[in-house]
Amino acid sequence: MDKELHELAKSLVNLQKEAVKRTLAYWKPEAENIIISKNKDIDRIEHTLDALCEVAFDEEVLKVFKSLCRYYYTIDPLATAEHVDIYREMWDNEEENDSEK
């Protein structure tokens, strides 16, 4: 049973790595393009933020998410705050935050 659990954990880690790799390959250039071109297409921005948030447990993906949030904040601060809240609900560790206080 321990071996099965180990293999399952290993598979999960591999899936996470692949998700990060694919996200960075597609969504990082998309986010950069939005920012550089000063694109104001809200649907495009929010779709990109949603995709990035899915794997924002990864530091590099989180950096891209934050960059796009900073840009989007200049367009729609309320919607940006909602995306940040979604990130926090998904990935913030309350125990970690409590111990830092």
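Data for the structure
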read-out: Virtual spin-label span in nm between E32 and E4, 7 Å along Cα→Cβ; value: 4.5
read-out: For region 31-46, 3J(HN,Hα) per residue [Karplus equation, 6.51 cos²θ - 1.76 cosθ + 1.60, θ = phi - 60°, Hz, x = Gly/Pro]; value: 5, 4, 5, 4, 5, 4, 7, 6, 5, 10, 6, 4, 4, 5, 5, 5
read-out: Furthest towards positive pole of dipole, A79, Q16, P29, structure part the chain, Cβ charges; value: P29
read-out: Cubic angstrom per residue, convex hull over Cα atoms of the chain; value: 116
read-out: Debye, to nearest 20: dipole size of the chain, +1 on Lys, Arg Cβ, -1 on Asp, Glu Cβ; value: 620
read-out: For the chain: lysine pairs under 28 Å (alpha-carbon distance), excluding those fewer than 8 apart on one chain; value: 22
read-out: Under 20 Å from the L78 label point (7 Å along Cα→beta-carbon), backbone N, region 30-53; value: 40-47, 49-50
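We did not get these values from a lab; they are worked out from the coordinates using the rules stated. These figures come from a predicted structure and were not determined experimentally. Don't worry about glycine lacking a Cβ; one is built from the backbone with ideal geometry, like all the others, and counts go over all protein chains shown.
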